[in-house]
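Have a look at the structure below, then the notes.
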Amino acid sequence: MDYFPFLSAAAAVGVAGLALRLLLNYFTPGLASIPGPVLARFSDLWRFLDACFGQHHNTITRLHRKYGPVVRIGPNVVSVSDPAAIDAVLGLKTNLDKSDSVKPMMNPYNGEVLPMLISAMDSEAHARIKRPIGSIYSMTTSLDFEHIIDDNINQLLTGLRPYVASNKACKIDDWMAYFAFDFILQATFSRRWGFMEAGGDIDGMLAMLDLQFLYIATIGAMPWLDNLLLKNPLLLMLVKTPNTLVDFASDQVRSRLSGKNSHAGKQPDYLARFIAAREAHPEHVSDLQLTTYATTNVLAASDTTSATLTTIIYHILKHPGVHEKVRTEIEAAGMSSPAPYAEVSKLPYLNAVILEVMRVFPTTGIELERKVGPGGLILPSGQSLPAGSVVGLNAWAVHRDQAVFGDDPDQFRPERWLQQVGESDASFERRYKGMQRANLAFGAGPRACLGKNLAILQVYKVIATMLQVFDMELVDAEKPMKTWSTISVKILNVEIRLREI
Ligand code: HEM
């Protein structure tokens, strides 16, 4: 029998169906008139490929410069760079659900999906998960962890001193990752993993997390692929929990609950605080939820913090004038080492430097996406978005708004966060508050970073102590910055030389 006519008819129907789908995508009602790259109108493949190249943070900045504050970046996805839209998109009043892009973030565990805060799509479910533990992340509670940060800073200094003695180049991006992971694992489980002691990855944990972050950033553009890959039922039959960290977290929870690894009488770590939250809210916090809180704590805290620390060091060393000023301020403060947060938080120039790095080089390079609810959404610019469409804000684009940040938004200029000569107190306050309102480094609204206080504590203390103890310089100040964006935007291969002061 000749199958050719049937096969060619089937192929023709397939091609026609695909063409129709692409055409319908192009003309998605309500979004057709919004400018953007032509290919992005047909399929999310454009966004997926862009994410694969690891430069999405630069792409989105360029697109907003070309097309304006509202850009269509997918058949059903719009990116907005207008800071005035932050409240409407991310705020509590509209309380929009997260988009499907968070699905690849959901970790499978023994046939279930971990109910993680950061990947809870439904706003009400998110509020239920967050309520029992919200207060654990206040500044007061975060300060209880300062001594653990100090222990880890001391370990970092010990790990870095051999580079001083040998005058060998040090890859500071690696060391910031060792620090951030060691600290958060100790703060969460009172267990040291020991990346800093080893001076390298252990059990492939860092490599596995890098891969997971790359997966989230790329598959997030075409979330249905997740069902074929990580959530593929066949794969899940073979590997119940394809994530070492989740396995480790669930072991820790189990052994703590069974009394085998009791923490009684010791200063509570995060796990002890999550268990206390369960006692206060037994109806909301299951064993699975405990594992999830602990896993999220490590996943959300590690890469973001290490990328931020590296970025700050890089920018300071790249700008000798800034380096000199911030070092003089730190020296004059005469702080003990590791630098205490109570003192370091009072240094205005250091504060301006950190804010400016996180503005010009925010470590979250993907859009903070939300799904427009049934009534549609009208942006402050008057643009209306239809129900079911996806709207995102990307810090890289928002932080370059000239009306808020001045006419040199690409420049690294910490002074913009300080009162200018001749600027009245009232107008400085207005300008400063405006910049803070547009600051998306930690997100905004009910889904903003829960660990912001802990992150700030680490960042201020580590940077101040490193500047106090070491005279640092880039090995090659002319070498172009090599960036790579997954969930966090990183500067890679930052080689520095260290001398003890
Ligand atoms: C400099 C370091 C950090 C940066 C830049 C950062 C940034 C962010 C951003 C942009 C979000 C997402 C907002 C959204 O999806 O709309 C987020 C969420 C979150 N972060 Fe951080 N983060 C940092 C450190 C930390 C640390 C140290 C912790 C934990 C101790 C943490 C815990 C979380 C959690 C739990 C969420 C989810 C919040 C929720 O959905 O309610 N982060 N972070």
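The values are calculated or read from the model by the stated rules, or taken from the named source; none is laboratory data. In this text the structure is predicted, and so the values were computed from the model without any measurement. Cβ atoms come from the backbone with ideal geometry, glycine included; neighbour counts cover every protein chain shown. Calculation scope for accessible area: heavy atoms of the full protein, side chains included, ligands and nucleic acids excluded. Shrake-Rupley method; radii C 1.70, N 1.55, O 1.52, S 1.80 Å.
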Report, largest value first, the span of the C-alpha coordinates of the range 208-266 along each principal axis, in whole Å.
-> 48, 24, 16
Rounded to one decimal in nm, the spacing of the 7 Å Cα→Cβ label points at residue 207 and residue 39 is 3.1 nm
Separation of the range 402-466 and the range 36-112 by C-alpha centroid, Å?
-> 24 Å
Counting only C-alpha contacts under 8 Å and six or more residues apart, can you give the relative contact order of the chain as a whole percent?
-> 24 percent
Distance between Cα centroids, the range 258-278 to the range 135-166: provide it in whole Å.
-> 21 Å
Overall dimensions of the range 284-339 by Cα: Rg and Dmax, Å | 18.4, 53
Taking the chain as the reference, fit the longest principal axis to its C-alpha atoms, fit the long axis of helix 270-280 to the helix C-alpha atoms, and give the angle between the two in degrees, 0 to 90, nearest 10.
-> 60 degrees
The range 363-478, dipole about Cα centre (Lys/Arg Cβ +1, Asp/Glu Cβ -1), debye to the nearest 20 = 820 debye
Unit Cα scatterers, Debye sum, the range 137-261: log10 I(q)/I(0) for q = 0.10 Å⁻¹ = -0.46
What is the P(r) of the range 36-133, as percent of Cα-Cα pairs per 10 Å bin from 0?
-> 13, 35, 34, 16, 2
Once a ≥ b ≥ c are taken as the square roots of the eigenvalues of the Cα gyration tensor of the range 295-414, is the result rounded (a/c under 1.5), prolate (a/b larger than b/c) or oblate (a/b not larger than b/c)?
-> prolate
Which of rounded, prolate, oblate describes the range 241-334, given a ≥ b ≥ c as roots of the alpha-carbon gyration tensor eigenvalues and a/c under 1.5 marking rounded, otherwise prolate only if a/b is larger than b/c?
-> prolate
Taking N as its residue count, the alpha carbon Rg of the range 157-228 over 2.2 N^0.38 Å = 1.43
The FRET efficiency for residue 197 and residue 244, from their Cβ-Cβ distance with R0 = 22 Å and rounded to 0.05, is 0.70
For the chain, what is the charge dipole size about the Cα centre, in debye to the nearest 20, if Lys and Arg each add +1 at the Cβ and Asp and Glu each add -1 at the Cβ?
-> 720 debye
Considering only the other residues whose Cβ falls under 14 Å of the Cβ of residue 56, what net charge follows from Lys and Arg at +1 and Asp and Glu at -1?
-> -1
When the scattering of the chain is computed by the Debye formula from its Cα atoms alone, each counted once and equally, what is log10 I(q)/I(0) at q = 0.06, 0.11 Å⁻¹?
-> -0.30, -0.99
Have a look at 236, 265, 360 and report the one farthest towards the positive end of the charge dipole of the range 235-361, computed about the Cα centre with Cβ charges (Lys/Arg +1, Asp/Glu -1).
-> 236
Tell me which residues come under 5 Å, amide H to amide H, from residue 364 once H is placed; ignore anything under 5 positions away on its chain.
-> 489
Euclidean distance between Cα centres, the range 174-192 to the range 340-355, Å = 23 Å
How much of the accessible area of the range 338-397, probe 1.4 Å, is carbon plus sulfur, in whole percent?
-> 60 percent
The chain - accessible surface per residue (Å², probe 1.4 Å) | 44 Å²
First compute the accessible area of the range 65-144 with a 1.4 Å probe, then give the percent of it belonging to carbon and sulfur atoms.
-> 53 percent
Helical contribution to [θ] at 222 nm, DSSP H n ≥ 4, -39,500 (n - 2.57), averaged over the chain, rounded to 500 | -16000 deg cm²/dmol
For residue 473, distant residues with modelled amide H under 5 Å away = 497
Over the range 374-501, the quotient of the Cα radius of gyration and 2.2 N^0.38 Å is 1.38
Any idea what the relative contact order of the range 82-237 is, in percent, if you count C-alpha pairs under 8 Å spaced at least 6 apart?
-> 25 percent
Which is farthest toward the positive dipole end of the chain among 19, 205, 136, measuring Cα position about the Cα centre, with Cβ charges +1 (Lys, Arg) and -1 (Asp, Glu)?
-> 19
Could you bin all the Cα-Cα distances of the range 349-394 into 10 Å bins starting at 0 and give me the percent of pairs in each, rounded to whole numbers?
-> 24, 34, 22, 17, 3
For the chain, with the dipole built from +1 on Lys and Arg beta-carbon atoms and -1 on Asp and Glu ones, taken about the Cα centre, which of 469, 393, 297 lies farthest toward the positive end?
-> 393
Rounded percent of accessible protein surface that carbon and sulfur make up, the range 264-331, 1.4 Å probe | 55 percent
Checked the range 11-62 with the C-alpha gyration tensor, a ≥ b ≥ c its square-rooted eigenvalues, rounded below a/c of 1.5, otherwise prolate if a/b is larger than b/c and oblate if not; verdict oblate
Considering the convex hull of the alpha carbon atoms of the range 429-501, report its projected area averaged over all viewing directions, in nm², one decimal.
-> 7.4 nm²
For the range 84-144, what is the Kirkwood hydrodynamic radius in Å, using each pair of distinct C-alpha atoms?
-> 13.5 Å
Packing-based ranking, highest mean first, of 101-111, 294-304, 377-387 given that Cβ atoms within 10 Å are counted | 294-304, 101-111, 377-387
